[in-house]
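Heads up: the structure comes next, in structure tokens.
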Amino acid sequence: MSVGLVYHPIYLEHDTGYHCETAERLTTILSYLENTGTMDKLIAVQPQAATVEQIARVHSPSYISGIESFAKRGGGYLDGDTVASPQSYQAAIYAAGGIISAVDAVMSRDVTYSFALVRPPGHHAVHDAAMGFCIFNNVAIAAREAIAKYRLERVLIADFDVHHGNGTQDQFYSESSVLYFSTHQYPFYPGSGGVGEIGAGEGEGYTVDVPMPGGCGDSEYMRAFEEVLTPVTKRFKPQLILVSAGYDAHWADSISSMQVTTSGYGKMATIVKSLADELCQSRLVFALEGGYNIEALAESVDATINVLLDSPKTYDTLGKPRRSWSPPDTEDLFSRIKETHKLD
């Protein structure tokens, strides 16, 4: 049993200034992994920069060259939320390439599982635009590369970021080779991800959204993973599982109103790992997306990695939610999802 960790110092040079998506997110995670001893158990996987050809499977060539030129000119705001600095293009091509490297390490069996500790994040980036802190859609690029390089026919992307991965969904909406599953707060940024968004044409039924109201916590997420993700994944039989791992649904993260705990993230990782072990020879890659309370982020990443190491953490120093919210009623939501996707 071995777990690879993808990281490169260039990720810290994506300078966002006074912004919640900062380099401190990664440095705090790295320090936490060192302090807990987790880092000593990991195998370093060196990322390579994604090529323009690889990125162009997802993004338009004009957009890619535009990002490079924008960064060379000093950067600035790409949209109201997304910042670029002089080194952001390099960081972004290494972020996309980092997940490709994580996939390569798993597919070659150099490691059993991989966790890609990258930034900028990616799941909001669409074909020709940056969005929601994201420049290139890292996971979508890696999925395209895996399909092309390893001739895969079925790839699952599971996204538990608190925001819907609109860019990833759009990329594969009309295709059956990629099943996109997402749990997210709804209605919330970016506004997409309703139950009725199931794919189109050949891709009909291969988009599975679980749009949960604010206030949901571990129990609701467990229902989503046990009652929706598990049966659709077993029906799909993926050959590779990629996870857009955003930790901003944690109760301590002020960017959302969800109430997931660190232990909850460990339980989600356990379910996904079990599916990978059963269905696709343990081919499983986690890729960092969101998570902006750095203490909760670091502890949750550590909990996830320790599940992959077969040594799940038995403690959660942050504990239970401290918000006095009543759990929302999600019975109708889960009934509609099961009816829509023909789940028992």
Looking only at segment 261-268, decide whether some residue is assigned to a helix (DSSP H, G or I), without any contact (Cβ under 8 Å) to a residue 24 or more places away in the chain and surrounded by fewer than 24 Cβ atoms within 10 Å (Cβ to Cβ). no
Restricting segment 83-121 to residues that are part of a helix (DSSP H, G or I) and among the polar types (S, T, N, Q), the residue that is surrounded by the fewest Cβ atoms within 10 Å (Cβ to Cβ): 90
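If a residue has to be part of a loop (DSSP other than H, G, I, E, B) and either of a type in the set (Phe, Trp, Tyr) or in contact with a Gly (Cβ under 6 Å, 6 or more places away or on another chain) (or both) to count, how many in segment 135-161 make the cut?
Of all residues in segment 135-161, those part of a loop (DSSP other than H, G, I, E, B) come to 135-137, 151-154, 160-161.
Retained after the next criterion (residues that are either of a type in the set (Phe, Trp, Tyr) or in contact with a Gly (Cβ under 6 Å, 6 or more places away or on another chain) (or both)): 136-137, 160-161.
Adding up the residues that qualify gives 4.
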Within segment 32-56, track down each residue that is under 20 Å from residue 9 (Cα atoms) and assigned to a loop (DSSP other than H, G, I, E, B). 38, 42, 46, 47, 48, 49, 50, 51
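Does residue 243 meet the test of being in a strand (DSSP E or B) and in contact with a Phe, Trp or Tyr (Cβ under 8 Å, 6 or more places away or on another chain)? Full working, then the answer.
Values: in a strand (DSSP E or B): yes; in contact with a Phe, Trp or Tyr (Cβ under 8 Å, 6 or more places away or on another chain): yes.
Judged against the criteria, residue 243 is a match.
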Reported set for segment 310-344 where residues are among the aliphatic types (A, V, I, L, M) and surrounded by fewer than 16 Cβ atoms within 10 Å (Cβ to Cβ) is 343
Within segment 312-323, can one find any residue that is of a type in the set (Gly, Ala, Ser), over 24 Å from residue 277 (Cα atoms) and either in contact with a Leu (Cβ under 7 Å, 6 or more places away or on another chain) or modelled with pLDDT under 95 (or both)? yes
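The values are calculated or read from the model by the stated rules, or taken from the named source; none is laboratory data. Note that the structure is a prediction, hence the values are computed from the model and not measured. A quick note on method: Cβ atoms are made from the backbone with ideal geometry, for glycine too, and the neighbour counts reach across all protein chains shown.
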